[in-house]
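Take a look at the structure below.
The values are calculated or read from the model by the stated rules, or taken from the named source; none is laboratory data. Since the structure is predicted, the reported quantities are computational estimates derived from the model, not experimental observations. Quick reminder, even Gly has a Cβ in these numbers, built from the backbone with ideal geometry, and neighbours come from all protein chains shown. Areas reflect the complete protein model, heavy atoms only, side chains present, ligands, DNA and RNA absent. Shrake-Rupley method; radii C 1.70, N 1.55, O 1.52, S 1.80 Å.
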2 protein chains.
Amino acid sequence: MSVTAAQGFVAAGVAAGIKSTGAKDVTVVVNDGPSKVAAGVFTTNRIEAAPVTWSREVASDGRVDAVILNSGGANACTGPEGFADTHRTAEHVAHALQATGRDVAPGDVAVCSTGLIGVRLPMDTLLDGADAAIAGLAPDGGDAAAEGIMTTDSTPKKAVAGRDGWVVGGMAKGAGMLAPGMATMLCVVTTDAQVDAATAKAALASAVAQTLNRVDSDGCMSTNDTVLLMASGASGAQPEASAFEAELTTVLADLSRQLVADAEGAAHDIAVTVERATSEAAAEAVARAITRSNLFKTAIFGNDPNWGRIISAAGTVPEHVAPYDATTIDVSVNGIQVCRNAGVGDDRDLVDLTGREVQVVVDLKAGDASATVWTNDLTHDYVHENSAYSS
Amino acid sequence: MSVTAAQGFVAAGVAAGIKSTGAKDVTVVVNDGPSKVAAGVFTTNRIEAAPVTWSREVASDGRVDAVILNSGGANACTGPEGFADTHRTAEHVAHALQATGRDVAPGDVAVCSTGLIGVRLPMDTLLDGADAAIAGLAPDGGDAAAEGIMTTDSTPKKAVAGRDGWVVGGMAKGAGMLAPGMATMLCVVTTDAQVDAATAKAALASAVAQTLNRVDSDGCMSTNDTVLLMASGASGAQPEASAFEAELTTVLADLSRQLVADAEGAAHDIAVTVERATSEAAAEAVARAITRSNLFKTAIFGNDPNWGRIISAAGTVPEHVAPYDATTIDVSVNGIQVCRNAGVGDDRDLVDLTGREVQVVVDLKAGDASATVWTNDLTHDYVHENSAYSS
């Protein structure tokens with residue numbers, strides 16, 4: 001049900017014809033309230049697509065009434081004309097929703113786009129699609145909505161959690177270009193809990209930091225990454241902030257794992273956990289250095305528990321970032337401690353890498369903090385998809 | 001002639017049998033003086049191989065009499081036993097050279113190793129190889145020496161430059177794991193110019209920063225990277241420091257280009273030049289962000305001048321590192337300005353990427369500094385070589 005699992009939301013996803021494949025490419029999600037609280041997290045890439053610039057401003061006052069999302073074109077690097085296209089899209093959606101009896105201002109309509117950079121959107125096709133989606137808005141439209149934002153995704157990503165009469169539900173798309181600063185291109189999460197804008201904003205920032213920002217598929221950061229949280233309050237339940245953040249984190253963690261599992265051309269999903277660091281930031285820095293190593297990622301593709309590549313990647317993190325003794329670190333791969341005290345450990349032939357899931361644990365023996373970063377292996381299919389498919 | 005182009009040096013490369021292929025795997029280079037000046041630059045990876053620890057200490061007093069290099073094993077992550085192996089190797093070489101009438105102390109013998117991490121070296125084989133190499137030392141042994149350090153290199157890398165009666169000559173090996181902090185695994189440069197230790201050290205640091213450290217094949221930094229400069233003074237010529245540094249830079253630049261041209265599985269050699277930055281460091285940071293992007297590197301493999309991936313990589317560099325206006329940058333690929341003011345420029349179909357050489361120029365319009373970083377595309381062969389070959 002994704003974004004319509006929560007009460008107070010209607011959604012739709014339609015095939016407008018932006019994509020030549022005939023697949024769904026326009027999604028609309030509307031918050032029918034009673035509350036219209038929202039928060040957003042956006043790419044930190046300085047090359048920012050027009051819809052990001054627009055939606056960041058829309059969400060800045062803590063209110064979003066509706067969001068329109070399109071696949072088939074990112075509307076990035078399209079200049080003032082591209083921004084005008086985004087603005088026009090929001091105006092069009094607001095007026096169309098007004099025609100359905102909803103009191104929606106253009107400045108409360110967020111816009112998200114995904115697809116090729118540097119190409120203008122086919123506006124007539126997009127706006128016709130918006131009309132069709134709005135005509136089809138339904139309380140069970142979440143599944144179609146999740147399909148409408150897919151690009152190279154092989155499956156739609158959806159998740160739901162909740163407790164005590166309120167739920168959090170979401171959808172995401174992304175199968176490459178997953179990197180810190182934001183791990184997904186587009187993600188919309190809804191809830192029928194009653195939360196105020198400050199709580200929503202804090203909970204979203206914290207949940208994203210623990211989940212989507214810990215996914216690093218290929219080290220590349222998109223121009224369009226957006227996570228939008230919308231709260232209707234329709235359940236009447238008013239959870240503690242900690243409970244709300246916990247359920248939101250559950251949904252985003254679930255979506256994050258689905259993104260990793262569907263990353264372009266991947267054969268293994270890899271969780272790199274760094275333990276006993278002096279701080280969580282130190283643990284994360286070491287984990288990220290490992291998940292960024294192409295040599296490590298190709299080794300895993302080759303079912304090779306190459307701990308030398310793991311610790312040499314760990315060794316590139318400066319000491320002031322992650323203090324540890326380089327001569328005492330341990331590395332385990334799928335439960336076998338292949339490296340002990342930075343030297344040869346148990347027999348690497350004992351490591352079974354034939355499954356999809358890979359667990360790498362690096363023990364720094366320096367403190368009591370830990371962090372996990374998720375990535376994928378680097379495969380022939382990754383090279384094929386990203387050399388043959390322009391994005 | 002590589003390391004024996006300069007007067008005062010003898011060298012040899014032999015097949016000791018460390019490699020199962022029967023290829024040369026042990027090289028010895030000896031400085032017969034009259035001067036024994038030396039300088040070294042070593043990996044900044046905190047996971048440092050035993051020979052790096054040893055040779056850093058050997059070179060720290062500005063004197064190196066001889067260096068032994070082996071391929072077929074990195075002697076990294078081998079613990080105290082591995083360090084004892086390195087020490088024993090230096091002792092053995094010193095004694096063998098003493099038997100030839102040379103007054104060489106073990107503490108003046110540098111040791112370099114390259115190959116698989118985490119495996120002890122076959123010491124009997126190595127030391128027999130050292131004896132054979134020392135028996136074969138010759139003033140024309142530079143070519144064999146360059147062959148003895150190859151691993152996955154398809155060709156030996158050699159370069160010579162000089163003026164006014166003195167020369168600089170060098171050899172290098174490396175075909176992957178080329179990254180900042182040091183771009184080659186092993187490089188030995190010799191000169192018959194008279195230079196003092198301080199001049200040698202400063203010139204080497206500067207030349208490496210401009211050349212080997214600007215090569216970033218796959219973002220991975222080795223545990224064994226070493227550049228060693230040895231000066232015999234045998235020409236009697238005493239060049240200006242600037243002239244010496246210029247010729248040294250020429251040799252290292254030549255070797256750097258050969259390393260890029262032979263990078264594992266590459267189909268394109270890519271030079272990313274960032275112009276009009278506020279500082280050289282800013283230009284280098286932006287260039288490096290682009291050369292690190294797997295999406296950019298796969299696009300080039302696909303002959304796709306995908307400027308969206310170029311500027312989105314540039315956009316990940318924080319503003320305090322590289323100040324520029326993200327809405328005005330230009331990008332050219334092989335002379336065609338495909339991106340103008342962060343938007344669509346000339347027709348991308350005009351870009352010819354069928355050749356091996358690719359020139360990417362990013363104009364930040366923010367200052368007057370520039371920098372170039374060299375890399376390769378990300379190809380099926382890269383994935384194949386690095387998933388099938390353990391290193």
Rounded to a whole number, what % of the accessible area of the stretch B:76-158 do carbon and sulfur atoms account for, probe 1.4 Å? 54
Please list 3J(HN,Hα) in residue order for the stretch B:187-202, calculated via the Karplus relation 6.51 cos²θ - 1.76 cosθ + 1.60 where θ = phi - 60°; whole Hz, with x for glycine and proline. 8, 10, 10, 10, 8, 9, 5, 8, 9, 8, 5, 5, 5, 4, 5, 5
Taking only Cα atoms of the stretch A:24-157, the Rg to Rh ratio with Kirkwood Rh works out at 0.93
Normalised contact order of the stretch A:2-261, rounded percent, pairs of Cα under 8 Å and 6 or more residues apart: 28
Along the charge dipole of the protein assembly as shown, Cβ charges K/R +1 and D/E -1, which of A:His95, A:Gln359, A:Pro305 sits furthest on the positive end? A:His95
State the Cα centre-to-centre distance between the stretch A:59-96 and the stretch B:307-340 in whole Å. 24
Per residue solvent-accessible surface (Å²) - the stretch B:2-261, probe of 1.4 Å: 30
Once the convex hull of the C-alpha atoms of the stretch A:269-388 is built, how many Å³ does it hold per residue, rounded to a whole number? 89
Between B:Glu357 and B:Ala246, how many nm apart are label points set 7 Å from Cα along the C-beta direction? 2.3
Put a point 7 Å out from Cα along the line to Cβ at B:Leu350; what are the distances to that point in the other copies, in nm, shortest first? 6.3
Mind putting a number on the dipole of the stretch A:2-261 about its Cα centre? Charges go on the C-beta only, +1 for Lys and Arg and -1 for Asp and Glu, and I need it in Debye to the nearest 20. 380
Just to verify a number: FRET efficiency for A:Arg88 and B:Ser20, C-beta to C-beta distance, R0 = 60 Å, to 0.05? 0.35
For A:Lys365, which aspartates and glutamates qualify as cross-link partners when the Cα separation must be under 12 Å and same-chain residues fewer than eight apart are set aside? A:Glu275, A:Asp325, A:Asp330
Taking 0.36 nm per residue of sequence separation and subtracting the Cα-Cα distance, how much length would be gained by fully extending the chain between A:Ala105 and A:Ala281, in nm to one decimal? 59.2 nm
Chains B and A, summed buried accessible surface - 1.4 Å probe, Å², nearest 100: 4000
Using DSSP to define loop residues, name the GluC sites (Glu not before Pro) in the stretch B:194-294 whose beta-carbon has at most 13 other beta-carbon atoms within 10 Å. B:Glu240
Hypothetical label at A:Asp325: residues of the stretch B:60-78 whose amide nitrogen lies under 17 Å (7 Å Cα-Cβ projection): B:77-78
Considering only protein heavy atoms, what per residue accessible area in square angstrom results for the stretch A:269-388 with a 1.4 angstrom probe? 35
Enumerate the amide H contacts of A:Leu186 below 5 Å, restricted to partners 5 or more residues apart or on another chain; note that Pro and chain-start residues carry no placed amide H. A:Lys173, A:Thr226
Using a simple charge model, +1 on the beta-carbon of Lys and Arg, -1 on the beta-carbon of Asp and Glu, nothing else, what dipole does the protein assembly as shown show about its Cα centre, in debye to the nearest 20? 240
Shielding by partners - mean other protein chain Cβ count within 10 Å, residues of A:40-49: 5
Ignore the peptide's own chain and count Cβ atoms of other chains within 10 Å of each Cβ in B:70-78; give me the average, rounded. 3
Distribution output for the stretch B:61-116: share of Cα-Cα pairs per 10 Å bin in percent, first bin at 0, values 24, 49, 24, 2
Roll a 1.4 angstrom probe over the protein heavy atoms and tell me the percent of accessible area of the stretch B:269-388 that is carbon or sulfur. 47
Hey, what number do you get for chain B at 222 nm if only DSSP H runs of n ≥ 4 count, each worth -39500 (n - 2.57), divided across all residues, to the nearest 500? -9500 deg cm²/dmol
